[in-house]
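To start, the structure under review is shown below, and the notes come after it.
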Amino acid sequence: MGVFLAPLALTAGLLAVSLLPRIRQSEPLTWSFWGAAMLLLAWQAVLALRARTEGAPTLGPFTPRAQHYVQALCHSGVFLYWGWYWPPVYDFMPLLAGQLFFAYVFDMLLAWSKRQAWVPGFGPFPIVFSTNLFLWFKDDWFALQFILLAVGFLGKAFVQWERDGRRVHIFNPSAFSLALFSVGLLVTGTTDLTWAQEINTTFSLGPRIYLMLFGIGLVVMYFFSITPVTASAAATLFGASAAYYAVTGVPYFVDSEIPAAVFLGMHLLVTDPSTSPRTPFGRAVFGVMYGLGVFALYALLGALGLPTFYDKLMVVPLLNLTVPSIDRAVARLGSQPILARLGLVGPLGRMNLAHMGAWILFFAAMTALGRTDGMHRGDALPFWQQACAEDRPRACERLLMIEGSYCADNAGWACNELGRHYLDGRLVPTDTDRALAYFSRACEARFQPGCVNLLDPSAPVAADPRPLDLRLLVREGGPNLLEMPEPALYARACRHGWSFACEKRSASR
Amino acid sequence: MRWRAAAAAVLLLLLVGARAHVAPLRAQGAAEAPASRPAFPELVEIPGGPFVMGADPSADPMAFDNERWSPSQGTGMVDVPTFYLARHEVTVAQFAAFARASSWRVDPQALAGPPAHPVVFVSWPDALAYCRWLEGELKRAPEVPGRVRQLLAEGWRVTLPSEAEWEKAARGTDGRRYPWGSEPRRDRANYQNQGTAPVGTYPCPECAHGLADMSGNVWEWTSSPYQPYPYDASDDRANLDADALWVMRGGSFGDPARQVRTPARGAADPGARRAFIGFRVALVKR
């Protein structure tokens, strides 16, 4: 029965984490930890009773697997970099530690409940980390975070099929639970229970985030030969974005060719080797399908008026289901000469370095063309104003969205613009109350036209953004430019197409 | 000395010539309205005409530099059309009625004070939101006096007073330094004190237009952007590039006598919610 000391000690670890100030600051959060611990203790009691008649469960030998610890190290790198620029990530670390304790005990008890030996290793790390790279519940709803993890483990343990003569899980565990919860949150209209929106938008606060993710991705590619998945997904999305821009004159993903969070998903979510096709070509097809799936879901969610950041999560389980079909189709194709020349036939790994080389060249080319880090044409508000004036597809909708986002960050200029839109009724139906609410917000942000419009909305006035506003408006997805000297700020604003900024820059020379 | 004598003569002339015209418009039950029903403010008519605005630091040692009309002129004459001003500052109870009836987000501290005290912790937009709501209520409520209903029907608006309107109502047409006269009196206003008092606590029979708490209790938001004198209502929409700063008047319970003078000008960030800033409403033709 001494075997039960392991889950008992880990549950004690979970309880110990619950005593940390970060957890104790919120009562629902504390109770979610205690609830999870009580559930695990009750489960252990049941298994201990069963062990009296059936014998004690067993522990296997410690088996560290590269696909677990290498992935976990890569995830950790992302957390460290992201948290450096977005402090809530570091603040979240105690909650991540608690989830790790929970995941270990849950995985162990699940294996014992299935009368299997539990093999110690680093398996729970990538599941917990990759889940938390995409979705956290807010403190008041944190109990759902434990359920999110539990669903991932249950999916891994019970949703299985025969593949190559072995019973294996169908779905990438974290993507499975993330997709299920995404659907649940969208259907019930409760996405605000999570930090999903913030998570989605704060990746880009780190400078050169694409380069950083690319670098981390190379490690995963080197060890697990998943280059075809990432490279083909990236190529598909870059290509589709470019095609969309060529046709419509506006960027598809607003301010990037591939959103940073999607780029992360391409490297660390869809690339689980266990739930990907077995051949390089199969993996390339898998990647293309991921790219197309994200592209289509982004449009679908947007058309339904739902948050679009779930696009990268919902498509993975659907793709997991297609893996046997992809493998069969690739097998039927055999060794086509063209595929052979591209190194896409034969066992995984043989041409991995060549694939990585091609991917590095492709990424370098995209970077040189300004399609990764740095300013994107969609970062410039004047671009969207112009596109809206020219009635480009969805340009006005996006202009409103961008202004809404800056207004939420207290850019008074953006709030005043929104107020004017809701008064003139050109882009949105006239809504005086809403207009006045936006003018109030502009005014409280000390943007004088907002105050003037609040006092007398009959002839709304506008003004150029102040330096304070520009520090937000020209941040290009990065942090607010609080320290940037005004001449540099105006120079950047001029690059964005703000003509008044060009004049100010010239005048100051 | 010559300046002081001249100023005193002008003041005397104004005092003799002026006649405070007080025409209260009290909504039925306004004073004792139960908490569940909005208590409407009592509006006092301030007749149209010119008044002396500002104060000359060279003539009035208590005057601040920002009260001086221009480099060449200590004070100015401003013609203000007839308007109505609430006799009292808006109370916590009145503001709470607005908070209950609307979806406007208010600072919980604004509702935490005693019901009869002036509401504080209100921003400038909060004050205007209250005015908009009150205007709608006054148009609908049957107990509102016919004159008010008529004015509203003619397009008059419930809003904050401009600083000229506020100053004229406070000092009358005789240019007094305090609403009751020329000297500070602690029995007439709540200043140099520890906290707010219920509105109308300090009796002031001498006060211009019978208005209460025009000095002290809380600073009162106005509808004027803070700009250097000379005052000109037509330039309120100028200087849109400047950071917003709005005039407040009257001083507060914590201020010295100098700050609660009728021409004293304060200014605050419109988003400021402070324990010493409140407001009163005006009915104006704009």
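Some observations on this one:
- Per-region count, segment A:400-439, residues under 20 Å from B:Asn239 (Cβ atoms), within 9 Å of chain B (Cβ to nearest Cβ) and not aromatic (Phe, Trp, Tyr): 1
- Sole exception among (1) part of a loop (DSSP other than H, G, I, E, B); (2) at pLDDT below 95; (3) away from every other protein chain (no Cβ under 14 Å); (4) farther than 28 Å from B:Gln227 by Cα for B:Arg176, by number: (4)
- Selection status of A:Arg283, touching a residue at least 12 places away in the same chain (Cβ under 8 Å), among the basic types (Lys, Arg) and in a helix (DSSP H, G or I): yes
- Matching residues in segment B:221-280 - criterion: being free of Cβ contacts under 8 Å to residues at least 40 places away in the same chain and on the phi > 0 side of the Ramachandran plot: B:Asn239
- Condition check for B:Val199: in contact with a Pro (Cβ under 7 Å, 6 or more places away or on another chain), more than 11 Å from chain A (Cβ to nearest Cβ) and either surrounded by 24 or more Cβ atoms within 10 Å (Cβ to Cβ) or among the hydroxyl-bearing types (Ser, Thr, Tyr) (or both): yes
- Residues that are among the charged types (D, E, K, R) and on the phi < 0 side of the Ramachandran plot, drawn from segment A:106-134: A:Asp107, A:Lys114
- Per the listing A:Phe176, A:Phe214, the residue uniquely in the same structural domain as A:Phe125 (by TED's automatic domain parsing), in contact (Cβ under 8 Å) with a residue 60 or more places away in the chain and farther than 18 Å from A:Ala261 by Cβ is A:Phe176.
- Some residue of segment B:207-216 being within 14 Å of chain A (Cβ to nearest Cβ) and part of a loop (DSSP other than H, G, I, E, B): no
- Per the conditions (1) within 14 Å of another protein chain (Cβ to nearest Cβ); (2) within 28 Å of the chain's Cα centre (by Cα); (3) assigned to a helix (DSSP H, G or I), the sole criterion not satisfied by A:Met366 is (1).
- Condition check for B:Asp232 on (1) more than 10 Å from every other protein chain (Cβ to nearest Cβ); (2) surrounded by fewer than 23 Cβ atoms within 10 Å (Cβ to Cβ); (3) within 24 Å of B:Glu45 (Cβ to Cβ): one failure, at (3).
- Residue in segment A:75-98 that is modelled with pLDDT of 95 or more, out of contact with any strand residue (DSSP E or B) (no Cβ under 7 Å at 6 or more places or on another chain), among the charged types (D, E, K, R) and surrounded by 16 or more Cβ atoms within 10 Å (Cβ to Cβ) present: no
- Checking A:Ser405 against (1) surrounded by fewer than 20 Cβ atoms within 10 Å (Cβ to Cβ); (2) outside any helix (DSSP H, G or I); (3) of a type outside the set (Phe, Trp, Tyr), the condition it does not meet: (2)
- Those residues of segment A:235-262 which are over 16 Å from A:Arg392 (Cα atoms) and in contact with a Phe, Trp or Tyr (Cβ under 6 Å, 6 or more places away or on another chain), in sequence order: A:Ala240, A:Glu257, A:Pro259, A:Ala260, A:Ala261
- Between B:Asp60, B:Asp79, B:Asp56, the distinction of being modelled with pLDDT of 50 or more, of a type in the set (D, E, K, R) and in a strand (DSSP E or B) belongs to B:Asp79 only.
- Restricting segment A:457-474 to residues that are free of Cβ contacts under 8 Å to residues at least 24 places away in the same chain and more than 7 Å from chain B (Cβ to nearest Cβ), the residue that is surrounded by the fewest Cβ atoms within 10 Å (Cβ to Cβ): A:Ser458
- So A:Leu185, is it more than 23 Å from A:Leu306 (Cβ to Cβ) and not in a loop (DSSP other than H, G, I, E, B): no
- Residue match in segment B:246-257 (condition: within 14 Å of another protein chain (Cβ to nearest Cβ), among the aliphatic types (A, V, I, L, M), assigned to a loop (DSSP other than H, G, I, E, B) and more than 30 Å from A:Ala411 (Cβ to Cβ)): no
- B:Ala238 within 12 Å of chain A (Cβ to nearest Cβ), aliphatic (A, V, I, L, M), surrounded by fewer than 18 Cβ atoms within 10 Å (Cβ to Cβ) and not in a strand (DSSP E or B): yes
- Flag if A:Gly412 is in contact (Cβ under 8 Å) with a residue 12 or more places away in the chain, touching a Phe, Trp or Tyr at 6+ places or on another chain (Cβ under 7 Å), of a type outside the set (S, T, N, Q) and closer than 29 Å to A:Leu473 by Cβ: yes
- Filtered residues of segment B:107-127 (kept if in contact with a helix residue (DSSP H, G or I) (Cβ under 9 Å, 6 or more places away or on another chain), surrounded by fewer than 24 Cβ atoms within 10 Å (Cβ to Cβ) and away from chain A (no Cβ under 12 Å)): B:Ala110, B:Leu111, B:Ala112, B:Gly113, B:Pro114, B:Pro115, B:Ala116, B:His117, B:Phe121
- B:Ser252 vs. criteria out of contact with any Ser or Thr (no Cβ under 7 Å at 6 or more places or on another chain) and either surrounded by fewer than 18 Cβ atoms within 10 Å (Cβ to Cβ) or more than 18 Å from B:Ala197 (Cβ to Cβ) (or both): no
- Within segment A:358-400, tally of residues that are surrounded by 14 or more Cβ atoms within 10 Å (Cβ to Cβ), closer than 29 Å to A:Leu468 by Cβ and among the hydrophobic types (A, V, I, L, M, F, W, C): 11
- Taken over segment A:243-272, the criterion of being in a helix (DSSP H, G or I) and touching a residue at least 24 places away in the same chain (Cβ under 8 Å) is satisfied by A:Thr248, A:Ala260, A:Ala261, A:Val262, A:Phe263, A:Leu264, A:Gly265, A:Met266, A:His267, A:Leu268.
- Checklist (1) within 31 Å of the chain's Cα centre (by Cα); (2) within 13 Å of chain B (Cβ to nearest Cβ) applied to A:Gln448, failing item: (1)
- Of the residues B:Ala170, B:Ala110, B:Ala129, B:Ala164, the single one that is more than 23 Å from B:Phe40 (Cβ to Cβ), part of a helix (DSSP H, G or I) and of a type in the set (Gly, Ala, Ser) is B:Ala164.
- Out of B:Gly216, B:Gly181, sole residue that is surrounded by 24 or more Cβ atoms within 10 Å (Cβ to Cβ) and of a type outside the set (Lys, Arg): B:Gly216
- Boolean, A:Asp391 is at pLDDT 95 or above and not in a helix (DSSP H, G or I): yes
- If you check A:Tyr310, A:Tyr245, A:Tyr298 for being hydroxyl-bearing (Ser, Thr, Tyr), modelled with pLDDT of 90 or more and crowded, with 24+ Cβ neighbours inside 10 Å, only one passes: A:Tyr310.
The values are calculated or read from the model by the stated rules, or taken from the named source; none is laboratory data. Keep in mind it's a predicted model, so treat the numbers as computed, not measured. With ideal geometry, Cβ positions are generated from the backbone for all residues, glycine too; neighbour counts draw on all protein chains shown.
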